[in-house]
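Working notes for the structure below.
Where a number appears in this text, it was derived from the coordinates with a stated rule and is not lab data. Only a predicted model underlies this, so the values are computations on that prediction, with no experimental measurement involved. Ideal geometry is used to build each Cβ from the backbone, glycine not excepted, and the neighbour counts take in all protein chains shown.
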Amino acid sequence: MNRRDALMRVAALVGTTVSLPALADTLEASAIRRATTGKPVFFTADQDATVAELAETIIPTTKTPGAKAAKVNEIIDILVKDCYKEADQKQFLEGLAQTNKLSQDAYGKAFVQLDPAQRIEIVKKLEADAKQQRADMAKARAQNASGQQDVQMPNEKRKSATPFFTMMKDLTLTGYFTSEIGCTQALEYVAVPGRYEGCVPLKPGQKAWAI
Amino acid sequence: MTYDAIVVGSGISGGWAAKELTQKGLKVLMLERGRDIKHIEGYETATKNPWDFPHRGRVTTLAAEEYWANMRTGYTANEEWRHHFENDKENPYLEKPGRQVDWIRGYHVGGRSLMWGRQSYRLNKEDFLANAKEGIGVDWPIRYEDLAPWYTYVEGFAGISGAKDGLDVLPDGNFLPPMQMNCVEKEVKKRVEKAFAGRHIIMGRTAHLTEPKQFHYELGRAACQFRNQCMRGCPYGAYFSTQAATLPAAMKTGKLTLRPDSIVSEILYDEQKGKATGVRVIDQNTKQVREYYARIIFLNASAFASTAILMNSKSKRFPNGMGNDSDQLGRNIMDHHLAVGASGTYEGLEDQYYYGRRANGIYIPRYRNWGNDKRDYVRGFGYQGGAGRAGWNRGNGVEGFGADFKESLTTPGQWTMSIGGFGEMIADPNNRMTLSPDQKDKWGLPLIVFDAAYGENEKKMRKDMMNDAAEMLEAAGCKNVTPYNDESKHPGIGIHEMGTARMGRDPKTSILNAHNQIHTVKNVFNTDGACMTSASCVNPSLTYMALTARAADFAVKEMKKGNL
């Protein structure tokens, strides 16, 4: 059974119709499956909960609802499953494991059990790690370009890969600011503007256009 | 079945052929290889909100695999409009290693008129003279003056918004009111025009109804609503497309038959009469083969597809493809080379914003090798661009997370200004397509093999395209100016493929004559990108419209005279 057949079967299971020519759109199956079963399609329940709390730490509830209210974990689950290559999926899952390891080491608890202030500390650490990884990769690229090799650097680190926190932040921002809550509450969404005005003075407290 | 005329293809030029020929009284069959997409009701994603898309617009790994050529553009495979582009795995083509072509297709009623960029410019007088002056390719068999009244005619019907800027390099037309520039664009215009004599920043001219006329309303079209979701299909019919404009006009005559799912495999040729008699069609679903007959045939399948049909139309008289005595069929692939320019940030005017989403930008007409300017390459380039305030996704480029970070992303970000070049590619007979001798698609038709690359002239031009862009943004006071020149792209990336059945004066060096007739098969016309003798640097669709209307007028006059 190839991947498409598998997807068609999933689509059939949840009762969607699959019509030509947009066969690739059968991947809608993931969203439908998540919505109908209420369960993650790629993550375990624990991973899903970790993603939800990480997203909320990045985009918390303020005067507008945050990432959890916008169900950003659900869209991240679907995007990692359907849009990420296998190597990136692996990197992402390892990042979630690392998040819990950092939490255990610092507080003796899983990330989801931490209080908000502790979560911020862990995410600061993840952000610093991502920064370090990007610096290492840039250094490796520069050395490769100049023909030098840093024997101290493990091969693993020389590979160009997107650090976990970079992926997590990108997914969170995308998931949140394209959600209904993000578009219509955090930002200002106008489905049909009806006209274009090139120069409009900014009003006090004016929000950015959602799209 | 017999008709007066058969139109092969339903995109921009095919739609025009069907409209003109039916309005002149002909009974017309329009054949489209792909599925039908009905106006409005067929635009599946037109009114979706961002959160309605299961992947929020992103490309899935499965789609990336299937839409492998589309992945090269960076946008056509996106979830919002992927269903309007072609699945490359289902419709493969072949490329010579290192001599690739990015071929981006739309096989459905309306073709790429549903997804086109809508920028609409006239070629200028020099564009029609340059080949002869410089000894490149062949001379155009027509001049600007031959086409000017037809530009005026098609602009009126299509509805082109733009300003009369009074520039020889970019002739004015029959325009609807222009869209507005925003504050930063106005300021950049002022500063660039002051710093560089002969350079102009104008409002883009685009096929959107800014103020529809009565006849536009009567076709069911309405004014642009500034949603900027055009490639999904416009439920207001505000931009020019086959569905919104030419198809309803042709249908009103009661003389058009539209047949989707009909792949034309070849044009039938009568050796005795020395004429085409009709076309052979394969049903894309049932694979059933049928023939249709007509007195004239308009071939408007898009440049490469029309060329492939001619190549596949072999007879005793034309063993190398219909009309191909010159061996020029499939040669001289041209496009506009792009992915080169600059962007920068603009400080100031932080108290200004804009309302609405303008599906248009500014345009900088060609100024290189124009007037007294002389470069170490020939021809020139224009820029498309615009200014805007950064949105939430700027958050990915900076450190930070949490409450303050979130709040900062909900306000308008810094102004940025960017311009990207569109350069003329010159005709080179070595840039070509052929048909594979052994590999076939699922309908048994030979696959196209591409063998093309940018030449030295384009490479030299790109240096100016990058440096001039940076220089202008710096003169405009922009900061953090970042020039770019992405040389990983291939001809075709502009989705303006042209030249593979060019017009010319001599059957020994060209396929089509001054009226877009095949020199040696007078009842076959081609008016899509294949006919272009040179590429100019402006977006070509408006020229296809004008050439089609002109050729249709000629064809009907010739039929009445008994010459066809």
Helix B:144-158 vs. chain B, principal-axis angle (Cα, 0 to 90°, nearest 10): 70 degrees
Dipole of segment B:312-449, positive direction: furthest Cα of B:402, B:413, B:365, with charges on the beta-carbon: B:365
Potential lengthening between residue A:109 and residue A:202 on full extension [0.36 nm per residue; Cα-Cα distance subtracted]: 28.8 nm
Unsatisfied cross-links (Cα-Cα over 20 Å) in the set A:81/B:442; B:255/B:314; B:19/B:557: A:81/B:442; B:255/B:314
Taking B:1, B:179 and counting other C-beta atoms within 10 Å, the order from fewest to most: B:1, B:179
Candidate lysines - alpha carbon under 19 Å from residue B:374, same-chain residues fewer than 8 apart omitted: B:125, B:133, B:459, B:460, B:463
Label zone at residue B:134 (point 7 Å along Cα-to-Cβ), backbone N below 17 Å, segment B:449-491: B:453-466
For residue B:277, distant residues with modelled amide H under 5 Å away: B:268, B:269, B:270
Residue mean of other protein chain beta carbons inside 10 Å, A:74-82: 3
Nearest-0.05 FRET efficiency for residue B:480 and residue B:96, computed from C-beta distance (R0 56 Å): 0.90
Between helix B:303-312 and chain B: long-axis angle, C-alpha atoms, 0 to 90°, nearest 10: 20 degrees
Placed amide H near residue B:258: partners under 5 Å, 5+ positions off or other chain: B:30
Residue-by-residue Karplus 3J(HN,Hα) for segment B:170-186, coefficients 6.51, -1.76, 1.60, Hz, glycine and proline x: 9, x, 5, x, 8, 9, 7, x, x, 6, 9, 7, 8, 4, 6, 4, 4
Shielding by partners - mean other protein chain Cβ count within 10 Å, residues of A:30-43: 1
Derived scalar couplings ³J(HN,Hα) [segment B:535-543; Karplus, 6.51 cos²θ - 1.76 cosθ + 1.60; whole Hz; x for Gly, Pro]: 9, 6, 10, 9, 4, x, 4, 4, 5
Filtered GluC sites (Glu not before Pro), segment B:82-131: DSSP coil and at most 15 other beta carbons within 10 Å: B:90
At most 14 other Cβ within 10 Å, DSSP loop - trypsin sites (Lys or Arg not before Pro), segment B:435-539: B:442, B:508
Number of partner chain Cβ atoms within 10 Å, mean per residue of A:173-186: 5
Label-point separation, residue B:506 to residue A:94 (7 Å along Cα→Cβ), nm: 6.5 nm
Charge dipole (segment B:264-398, unit charges on Cβ, about Cα centre) - positive-most of B:302, B:334, B:377: B:302
Point-charge dipole on Cβ atoms (K/R +1, D/E -1) for segment A:76-125, about Cα centre, debye to 20: 120 debye
Inter-site label distance for residue B:286 and residue B:190 at 7 Å from Cα along Cβ, in nm: 6.7 nm
Degrees, to the nearest 10: B:125-134 long Cα axis against longest axis of chain B: 70 degrees
Kirkwood hydrodynamic radius (C-alpha pairs) into Stokes-Einstein, chain B, 4 °C and 1.567 mPa s, D in µm²/s: 54 µm²/s
Nonlocal amide H pairs with residue A:66, under 5 Å, H built at 1.01 Å: A:61
Computed over segment B:233-318: relative contact order in percent, which uses C-alpha pairs under 8 Å that are six or more apart: 22 percent
Packing-based exposure ordering (other Cβ within 10 Å, fewest first) of A:190, B:521: A:190, B:521
Cα-projected label distance for residue B:143 with residue B:320, points at 7 Å along beta-carbon direction, nm: 3.3 nm
Per DSSP, loop trypsin sites (Lys or Arg not before Pro) in segment B:370-407 with at most 11 further Cβ within 10 Å: B:374
Relative packing of A:165-176, B:58-69, which averages over residues the other C-beta atoms within 10 Å, highest first: A:165-176, B:58-69
³J(HN,Hα) computed for each position of segment A:194-211 - Karplus, 6.51 cos²θ - 1.76 cosθ + 1.60, integer Hz, glycine/proline x: x, 7, 10, 10, x, 10, 10, x, 5, 7, x, x, 5, 8, 6, 5, 5, 9
Fully extended contour minus Cα-Cα distance, from residue B:52 to residue B:436, at 0.36 nm per residue: 134.0 nm
